[in-house]
Amino acid sequence: MYDPKSLKAEEFIDHQEVLDSLAWADAHKDDAEEIKRVMDKARLHKGLSHREASLLLACDDPEVNAQIFALAREIKDAYYGNRIVMFAPLYLSNYCVNGCVYCPYHYKNKHIARKKLTQEEIEKEVIALQDMGHKRLALETGEDPVNNPIEYVLESIKTIYGIHHKNGAIRRVNVNIAATTVENYRKLKEAGIGTYILFQETYHKESYEKLHPTGPKHNYCYHTEAMDRAMEGGIDDVGLGVLFGLELYRYEFAALLMHAEHLEAVHGVGPHTISFPRVKHADDIDPNAFDNGISDDIFCKIIACARVAVPYTGMIISTRESPEVRARALELGISQISGASRTSVGGYCEEERDDSSAQFDVSDQRTLDEVICWLMKLGCLPSFCTACYREGRTGDRFMALCKSNQILNCCHPNAIMTLKEYLMDYASPVTKLIGEDLIAKEIQKIPNPKIKSFVEKHLVMIENGERDFRI
Ligand code: SAM
């Protein structure tokens, strides 16, 4: 029985409620009056329920679709402005005891090169990432209690935060590791992680169990209830996601929003981020083996409908996607992207590219400098800011700021200052030129004269070599 407040996975992601929502959306997708009601509600910028958002996703009227896309853009501009937060994944270990059929880390894969970084190797990777200009990482590991125990992850986080190479520093470490215990989430919180990210892969229980035939990840409820345990352990920023291609996208979309509603209902705060990964080719994985692959157009529609449904949630797209798809997605609500990612273990300091330990192929293979330059040419403001986490603006405090549009007052100035740091320390001459021009324009947008003069003063300090590790 559907109950968003229940702590049981099968009640807050009630299968029948998902089916009923999809049936309701199908029954009303040509009902102009109902669509108008939902669009009018969406125009208030306060979000939609999973049923309402499912209706918009089901609707195939080109005129309505154009309105949804325009609204997604409008909502993104209202809450996030033109900022795009930058990050990179850091693969620590690809040892894994699970049997996930879409992931080349599955334990039966004897072909993939198994690697686990030592603390010295992590230091080298982090220096390579800092030398590109990265400040925010997402740690990735396979699930293996012997090779990758929580102590290894905690030690690695400590190592990462401790490295200050030239003007570099990793100021926020997000963590994407397998579902774990409240006690371990508490330890991650104490280690100072930013967001805890865990992709659901699929919300469809029967499919989930087939796609995860063996290993601890087989347990659907334990996996689906992980975010509640993370929040119980004190982590208030959690990141959701489904791996599109595994199940019917409309099922996943409705269930993903039900998960967000559940977190809001139980913990008073929805997901900090939602990621939008699609299954990619990998070592022994052929994405065409999965029947539910989605076109770029559907993918973009999902992103637009999500932006309209959860206006305050950060939305992430990775280098799994090509520059062309990423450009479209940025228009529709994406607020964070990765750049220059390597999905192999130790990939950032290899002298010669070696993908033998990689998790999947990346489609966007550009350098960080190229991505930053491209973003600015698209009219975006790349941000390396990590201040929210450092200043305690997490969980409901972040959401309260976001809901009152205050993020523009602190995030926009911080984005300008961290972009300036990037330009001074890492950018190529062309990127620097474009960036300085952009910064001059962005300063003019700051409405509050006090904040404006604070930023101007700071920019001079940065030019003189000072770095502010609080932003
Ligand atoms: N071991 C952790 C877990 O079980 O959640 C972390 C997972 S992994 C390092 C990060 C994510 O990569 C997975 O959650 C999955 O969604 C995604 N992934 C796995 N195989 C993939 C593939 N072939 N293409 C695209 N993404 C993939």
Of Arg250, Arg278, the only residue that is open to solvent by less than 40 Å² (accessible area, probe 1.4 Å) and among the basic types (Lys, Arg) is Arg278
The condition of being open to solvent by 30 Å² or more (accessible area, probe 1.4 Å), touching a Ser or Thr at 6+ places or on another chain (Cβ under 7 Å), modelled with pLDDT under 95 and farther than 20 Å from Ile317 by Cα holds, among Asp284, Asp236, only for Asp236
Looking at segment 238-256, can you tell me whether even one residue there is more than 14 Å from the ligand (Cβ to nearest atom), in contact with a strand residue (DSSP E or B) (Cβ under 6 Å, 6 or more places away or on another chain) and not assigned by TED's automatic domain parsing to the domain that holds Ala58? no
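For (1) within 30 Å of Cys373 (Cβ to Cβ); (2) within 15 Å of the ligand (Cβ to nearest atom); (3) touching a His at 6+ places or on another chain (Cβ under 7 Å), each residue gets a yes or a no:
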| residue | (1), (2), (3) |
| --- | --- |
| Asn98 | no, yes, yes |
| Lys108 | no, yes, no |
| Gln119 | no, no, no |
| Arg136 | yes, no, no |
| Thr141 | no, yes, no |
| Asn148 | no, yes, no |
| Glu155 | no, no, no |
| Lys158 | no, no, no |
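Conditions tested, residue by residue: (1) in a loop (DSSP other than H, G, I, E, B); (2) not aliphatic (A, V, I, L, M).
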position: Phe253; (1), (2): no, yes
position: Leu257; (1), (2): no, no
position: Leu263; (1), (2): no, no
position: Val269; (1), (2): yes, no
position: Ile274; (1), (2): no, no
position: Asn288; (1), (2): no, yes
position: Asp291; (1), (2): yes, yes
position: Ile294; (1), (2): yes, no
Ala78 meets each of (1) surrounded by fewer than 17 Cβ atoms within 10 Å (Cβ to Cβ); (2) free of Cβ contacts under 8 Å to residues at least 40 places away in the same chain with one exception, condition (2)
Flagged in segment 326-360 as more than 15 Å from the chain's Cα centre (by Cα), under 22 Å from Glu143 (Cβ atoms) and not aromatic (Phe, Trp, Tyr), in numbering order, are Arg342, Thr343, Ser344, Val345, Gly346, Gly347, Asp355, Ser356, Ser357, Ala358, Gln359
Restricted to segment 155-171 and to residues being under 21 Å from the mean Cα position of the chain (by Cα) and of a type outside the set (Ser, Thr, Tyr), the residue nearest to Leu423 (Cα to Cα) is Ala169
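Would you confirm whether or not segment 96-106 contains a residue that is outside any helix (DSSP H, G or I), buried (at least 17 other Cβ atoms within 10 Å of the Cβ) and of a type in the set (Phe, Trp, Tyr)? Spell out how you get there, then give the answer.
At the first step, the residues of segment 96-106 found to be outside any helix (DSSP H, G or I) are 96-106.
From what is left, the residues that are buried (at least 17 other Cβ atoms within 10 Å of the Cβ) are 96-100, 102-106.
Add one more test, that the residue is of a type in the set (Phe, Trp, Tyr), and what stays is 102, 105.
The answer is yes, given that some residue of segment 96-106 is outside any helix (DSSP H, G or I), buried (at least 17 other Cβ atoms within 10 Å of the Cβ) and of a type in the set (Phe, Trp, Tyr).
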Hey, any hits in segment 33-47 for a residue that's of a type outside the set (Lys, Arg) and closer than 30 Å to Ile122 by Cα? no
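The values are calculated or read from the model by the stated rules, or taken from the named source; none is laboratory data. Worth saying up front: this structure is predicted, and the values here are computed from it rather than measured. Neighbour counts are summed over all protein chains in view; Cβ atoms, including those assigned to glycine, are modelled from backbone coordinates with ideal geometry. Ligands, DNA and RNA are excluded from the accessible area calculation, which covers all protein heavy atoms including side chains. Shrake-Rupley method; radii C 1.70, N 1.55, O 1.52, S 1.80 Å.
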